[in-house]
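First comes the structure, then the notes that go with it.
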Amino acid sequence: MEDAIKVLSERAHKLRSSLVSEEATKNALIMPFIQALGYDVFNPTEVVPEFVADVAGKKGERVDYAIMKDGKPIIIIECKACGTPLDTEKCEQLHRYFLTLDSSIGVLTDGIRYLFYSRSDDGKKMDIRPFMEFNLECVDKTLVPELRKLCKGKFDLKTTLETVSELRFNRHIKVLLERNINEPDDDFLRYFIRKAELAATQRTLEQFKGYVKRAFSEFLNEQVNTRLKTALESVQKKEEPVQALQQAAEDADSNDKNDIVTENEWHAFYLVKAILTGTVDPSRVFLRNTAGIGRSMVVLDDSRRKPLVRLILDRPGKWSIGLIGENRENISQDIGSVDEIFSHAGAIRATAMTYIKTKE
């Protein structure tokens, strides 16, 4: 399933702008997603399109797809055109179907985002909040094992309900943390004030709001930097010494000026290698000096025809990088430090993927 999701994610990135109708979205993304879960979309005993879901007093209601087991719908899927907001109105439509059909899981999707709903605690209505959101444009690998539990042959109602309960709680906690990290509410602040053995006066609450926001921001940055440092060290251990890399670059192109490569350039180079770990083999990533001290280019396969990112680090206080656009144009981005390259990781990975796909 993981390979199928990866392929589908790449397709979603490529086709999103072309999917202007619901039918096109179904054919290009939603049906392949159902297939990725192991269900045969061409077998009407497994997947029923336009499944009748008549509501009391309203006939002709149909849900886009119903995934069947033992003749009963276990998962119903309501589809919208790619890019359509999955707002309250669309959710209410799925809610009506959910009340009518004896299904366990309801899915609302625009082909990119898949919102998974289950029954609320009363066992009758659909929960107003999704217990899981799976996004093809930004695949959360931690959710893939949970998605696998909905696959053909693995779907079990008891296990699913246990999973739903855990995921619902986890999602709720993450939403609360995200909201309170950005703008802590009083209850959140009182917890830390109580731990500090202070009185939760209005003045203290206002004071701690700034403390908590800064502390969380610093904590998250430290976590990211620690992981990045670990990744860089792991890559460096597998690579040749710096002198050997410089020599290889000189041998590859005698016209390159590789006499001096600054520490900042090497830092940037290893950062890019860490970013690309899992996308391409790190041994395929090279640093090429292109215009003297402080100016170089990270390339794939030691080829200047496959630039990944240009480094312009020769002017103190005026550093920048050049990302590679879809038509190989240079997209300049100012950076205040080498570590800011990490914020452009998605664009760098996307550039690497274009060379891989071209080769394939």
Relative contact order (%) - criterion: Cα under 8 Å, at least six apart; region: segment 1-75: 20 percent
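Note the full-extension length gain between Lys209 and Leu99 as 0.36 nm times their separation in residues minus their Cα-Cα distance, in nm to one decimal.
On the way: separation 110, 0.36 × 110 = 39.60 nm, distance 4.30 nm.
Extra length available between Lys209 and Leu99 comes to 35.3 nm.
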Can you compute the charge dipole magnitude of segment 263-360 about its Cα centre, using +1 on each Lys and Arg Cβ and -1 on each Asp and Glu Cβ, nothing else charged? Give it in debye, rounded to the nearest 20. 320 debye
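What's the extension gain from Phe342 to Asp187 if we count 0.36 nm per residue and subtract their Cα-Cα distance?
Values: separation 155, 0.36 × 155 = 55.80 nm, distance 3.40 nm.
Stretched fully, the Phe342-Asp187 segment lengthens by 52.4 nm.
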For Val47, distant residues with modelled amide H under 5 Å away: Met68
Taking 0.36 nm per residue of sequence separation and subtracting the Cα-Cα distance, how much length would be gained by fully extending the chain between Arg304 and Asn221, in nm to one decimal? 26.5 nm
Per-residue ³J(HN,Hα) for segment 320-325, Karplus 6.51 cos²θ - 1.76 cosθ + 1.60, θ = phi - 60°, Hz, x for Gly and Pro: 7, 10, x, 7, 9, x
Under unit Cβ charges (Lys, Arg +1; Asp, Glu -1), what dipole magnitude, rounded to 20 debye, does segment 2-176 have relative to its Cα centre? 160 debye
When N is the residue count of segment 2-176, what does its C-alpha Rg come to as a fraction of 2.2 N^0.38 Å? 0.97
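For Ser332 and Val20, FRET efficiency with R0 = 25 Å and r from the beta-carbon atoms, rounded to 0.05?
Values: r = 32 Å, r/R0 = 1.29.
Once rounded, the FRET efficiency stands at 0.20.
Laboratory data are not the source of any read-out in this text; all were calculated from the coordinates shown. All values reported here derive from a predicted model rather than from experimental measurement. Positions of Cβ are backbone-derived with ideal geometry, glycine not excepted, and every protein chain shown enters the neighbour counts.
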